[in-house]
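Trainee: Pasting a structure here, questions to come.
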């Protein structure tokens with residue numbers, strides 16, 4: 001391209017032009033790379049989203065739609081009319097260049113079928129079936145949700161889940177803030193060692209301690225109550241303390257000193273200096289806790305026995321065990337269960353990223 | 001009068017600290033603030049670990065209604081002779097060998113792609129991240145449906161091409177592969193950590209490499225990869241621990257016995273059913289302790305090897 005353009009210029013400043021052509025070439029390969037990257041990412045994104053769309057689509061389908069039309073993501077039904085007291089599916093037929101909507105009343109041999117116009121059922125037309133296209137319309141089944149939620153007391157499970165989630169969140173926020181403050185703003189012997197001990201508990205799966213903790217709750221009479229799922233949150237956890245501490249460390253010490261000069265004690269400094277600055281980190285840990293508590297299955301499975309104490313996760317699991325053939329109802333209940341995380345994700349994406357940047361990278 | 005104003009009633013509680021030095025007061029304050037964690041650590045971590053070590057040497061059963069008897073190493077011996085124990089280890093290690101490397105590589109590659117200046121990059125990031133937020137029973141049930149051999153979407157999709165799909169979750173040869181595919185759906189969690197890591201690499205490192213004439217591939221292997229090893233390391237350790245505590249998906253797919261044919265009997269599932277189905281708290285405590293030892297050894301191994309392959313920026317500064 002450049003050679004055709006102007007050979008005079010090429011002779012005048014050959015090195016510059018060569019460089020230019022080289023850069024253009026680089027730009028070209030980079031453009032191709034970007035197109036390929038975007039294409040691959042788009043393809044992957046479609047693959048990732050299909051299960052989710054499939055789930056939503058199943059939640060809006062009737063059992064018949066699932067049976068006859070399983071791969072269609074949009075719930076459709078055949079349009080039917082009553083002819084002589086029998087329901088007949090409507091078809092779109094091209095007849096002498098005019099498109100007409102006719103009802104199929106009886107199949108005939110030779111790939112033909114008898115059609116009638118619903119407006120004039122006396123006149124029967126014998127037409128090839130291949131020319132007729134069934135008329136279908138968008139037919140979501142909204143009663144799935146209602147049915148799922150009246151079959152089992154999901155409202156009870158929802159209340160329990162909310163108690164566990166927000167009760168635990170309150171405890172976690174209070175305790176982790178205090179502990180992170182203690183680990184970030186004070187000097188004391190053994191504090192660093194204790195912090196390492198705290199960090200090492202991230203590596204400790206809860207299964208290692210579950211049996212004695214279960215026996216403890218059993219002795220306290222807490223098994224089959226929501227308490228085992230809430231109370232431990234009031235004693236801080238390593239991950240959230242770590243995240244908050246990393247954030248507190250970034251808040252300039254000058255602010256603490258200024259507060260101290262103004263006569264604030266350490267608790268007032270935490271309340272009026274640190275906490276207002278740390279709002280993004282507090283929101284991050286609150287979101288992480290919400291997702292954890294909302295989705296947790298293991299501990300509710302172990303500690304909750306009677307159905308009226310179940311959380312959504314357990315309720316959904318047992319609903320599936322009882323009504324696994326009612327795929328549409330199971331999926332309707334599942335969709336409802338993922339709505340809060342999805343909403344949270346879209347409205348608070350910024351805080352997710354922030355929380356991950358604070359812990360993940362510096363870890 | 002003056003005495004009263006010097007000691008407001010609020011401070012009288014803390015009067016015992018009056019003679020203390022500033023350092024001592026600061027230390028006391030620190031311990032007061034971290035007290036919730038110390039108490040929690042003693043009640044919910046250290047205490048239970050000691051108790052479970054003790055229980056692992058007894059025949060304690062919760063439904064037997066009698067005090068635990070000391071039985072020495074019986075539980076451990078029975079465990080090492082139990083086919084279920086070895087099967088659960090085999091299942092866990094096989095799954096880790098399938099899911100961890102594939103997830104690690106895939107999420108790293110996607111993070112690199114999402115770190116380019118491409119159109120709609122925020123939309124792509126959101127889509128890739130979203131599934132990882134939706135873990136839990138609802139998503140597992142969705143996948144169980146997708147993998148259903150008769151009515152599931154996967155086999156019906158394959159049927160369009162004339163392929164007869166296997167019984168994904170009902171065939172012992174395919175169950176772990178299916179669980180791996182399930183876990184790959186959630187790679188967005190790892191991806192976002194890598195993305196944050198990639199964005200934390202200082203651009204002057206790339207500029208310096210460019211000045212030295214390094215091409216894209218060389219820049220990747222000499223700048224990106226070394227700078228990312230700490231994050232890779234972090235994800236590897238947590239991933240390994242995650243496999244040993246893998247529960248929800250396995251339980252929903254195969255029940256407490258790891259159907260089909262114990263092909264999904266994960267370590268944690270075996271622990272769960274020993275404790276809460278068979279009520280053998282002594283055996284279960286032994287399983288829990290062996291789990292702890294395995295994780296400890298693996299983590300130490302990775303830490304040891306990390307000296308060879310994990311690069312920390314601070315090291316270079318230290319050497320100077």
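Values quoted throughout were computed directly from the atomic coordinates according to the rules given, and no laboratory measurement underlies them. Quick caveat: nothing in here was measured; it's all calculated off a predicted structure. So basically every Cβ, Gly included, is an ideal-geometry build from the backbone, and we count neighbours across all protein chains shown.
Trainee: Averaged over every viewing direction, what's the projected area of the C-alpha convex hull for chain B? Give it in nm², one decimal, please.
Mentor: Dividing the Cα hull surface by four gives the mean projection, 29.5 nm².
Trainee: What number, in percent, do you get for the relative contact order of region B:75-319 if the mean sequence gap of Cα pairs under 8 Å and at least 6 apart is divided by its residue count?
Mentor: Computed over region B:75-319, the figure is 26 percent.
Trainee: Also, I was wondering about something else. I'd like the mean, over residues of A:178-188, of how many other protein chain beta carbons sit within 10 Å of each residue's own Cβ.
Mentor: That works out to 6 on average.
Trainee: Additional query: Under the rule of -39500 (n - 2.57) per DSSP H run of 4 or more residues, summed and divided by the residues of the protein assembly as shown, what mean residue ellipticity at 222 nm is obtained, to the nearest 500 deg cm²/dmol?
Mentor: -20000 deg cm²/dmol
Trainee: Given a Förster distance of 56 Å, report the FRET efficiency between residue A:98 and residue A:253 from their Cβ-Cβ distance, rounded to the nearest 0.05.
Mentor: 0.10
Trainee: Right, something else. Fully extended, how many nm does the chain gain between residue A:64 and residue A:156 (0.36 nm per residue separation, minus their Cα-Cα distance)?
Mentor: Gain on extension, residue A:64 to residue A:156, equals 30.1 nm.
Trainee: At 7 Å along Cα-to-Cβ for each site, give me the label-to-label distance between residue A:163 and residue B:18 in nm.
Mentor: Computed distance between label sites residue A:163 and residue B:18 equals 4.8 nm.
Trainee: Using a Gaussian network model of chain B with C-alpha springs under 10 Å, which one of B:25, B:15, B:273 is most mobile by mean-square fluctuation?
Mentor: Maximum among the listed residues: B:15.
Trainee: Per residue of B:122-135, how many C-beta atoms from partner chains lie within 10 Å of its own C-beta, taken as a mean?
Mentor: Partner-chain Cβ atoms within 10 Å, mean over residues of B:122-135: 6.
Trainee: How would A:305, A:91 line up from fewest to most surrounding beta-carbon atoms within 10 angstrom?
Mentor: Going from sparsest to densest Cβ surroundings: A:305, A:91.
Trainee: Could I ask something else about it? For chain A, find the longest principal axis of its Cα atoms and tell me its angle to the long axis of helix A:154-185, 0 to 90°, nearest 10.
Mentor: Between the helix axis and the principal axis of chain A, the angle is about 30 degrees.
Trainee: Follow-up. How do the peptides B:297-306, B:125-134 rank, highest first, by the average count of neighbouring beta carbon atoms within 10 Å per residue?
Mentor: B:125-134, B:297-306
Trainee: Continuing with this model, one more query. Could you tell me how many degrees, from 0 to 90 and to the nearest 10, lie between the Cα long axis of helix A:191-200 and the main elongation axis, the longest principal axis, of the Cα atoms of chain A?
Mentor: Tilt relative to chain A: about 20 degrees.
Trainee: Moving on. Counting other beta carbons within 10 Å of each residue's own, what order do A:68, B:58 fall into, fewest first?
Mentor: A:68, B:58
Trainee: Hey, what D do you get for chain A in µm²/s if you plug the Kirkwood alpha-carbon radius into Stokes-Einstein at 25 °C and 0.890 mPa s?
Mentor: Result for D is 90 µm²/s.
Trainee: Take the Cα atoms of region A:107-154, find their three principal axes, and give me the spread along each one in whole Å, biggest first.
Mentor: Projected onto the principal axes, the Cα atoms of region A:107-154 cover 54, 24, 17 Å.
Trainee: Next question. Above 41 angstrom, tally the Cα pairs of the protein assembly as shown and express them as a % of all pairs, no decimals.
Mentor: Counting pairs separated by more than 41 Å, the tail of P(r) holds 43 percent.
Trainee: Compare A:131, A:96, A:117 in a GNM of chain A, Cα atoms joined below 10 Å, and give the one with the largest fluctuation.
Mentor: With Cα springs under 10 Å in chain A, the top fluctuation among A:131, A:96, A:117 is at A:96.
Trainee: To continue, here is another question. Most mobile of B:153, B:284, B:111 per a Gaussian network model of chain B (Cα springs, under 10 Å)?
Mentor: B:153
Trainee: Would you mind giving the mean number of other chain beta-carbons within 10 Å of the Cβ of each residue in B:49-62, as a whole number?
Mentor: 2
Trainee: For helix A:312-322, report the angle its Cα long axis makes with the longest principal axis of the Cα atoms of chain A; keep it between 0 and 90° and round to the nearest 10°.
Mentor: That helix lies at roughly 40 degrees to the long axis.
Trainee: Further question on the same structure: Can you give the FRET efficiency for residue A:47 and residue A:147, using 1/(1 + (r/R0)^6), R0 = 41 Å, r = Cβ-Cβ distance, to the nearest 0.05?
Mentor: For residue A:47 and residue A:147, the calculated efficiency is 0.85.
Trainee: Mind running the shape call on region A:76-138? Use the C-alpha gyration tensor, a ≥ b ≥ c as the square roots of the eigenvalues: rounded below 1.5 for a/c, prolate if a/b tops b/c, oblate otherwise.
Mentor: rounded
Trainee: A further question follows. Calculate, in nm to one decimal, what residue A:123 and residue A:76 gain on full extension: separation in residues at 0.36 nm each, minus their alpha carbon distance.
Mentor: Fully extending the segment from residue A:123 to residue A:76 adds 14.0 nm.
Trainee: Continuing with this model, one more query. What is the order of B:20, A:310, fewest Cβ neighbours within 10 Å to most?
Mentor: Exposure proxy ranking, most exposed first: B:20, A:310.
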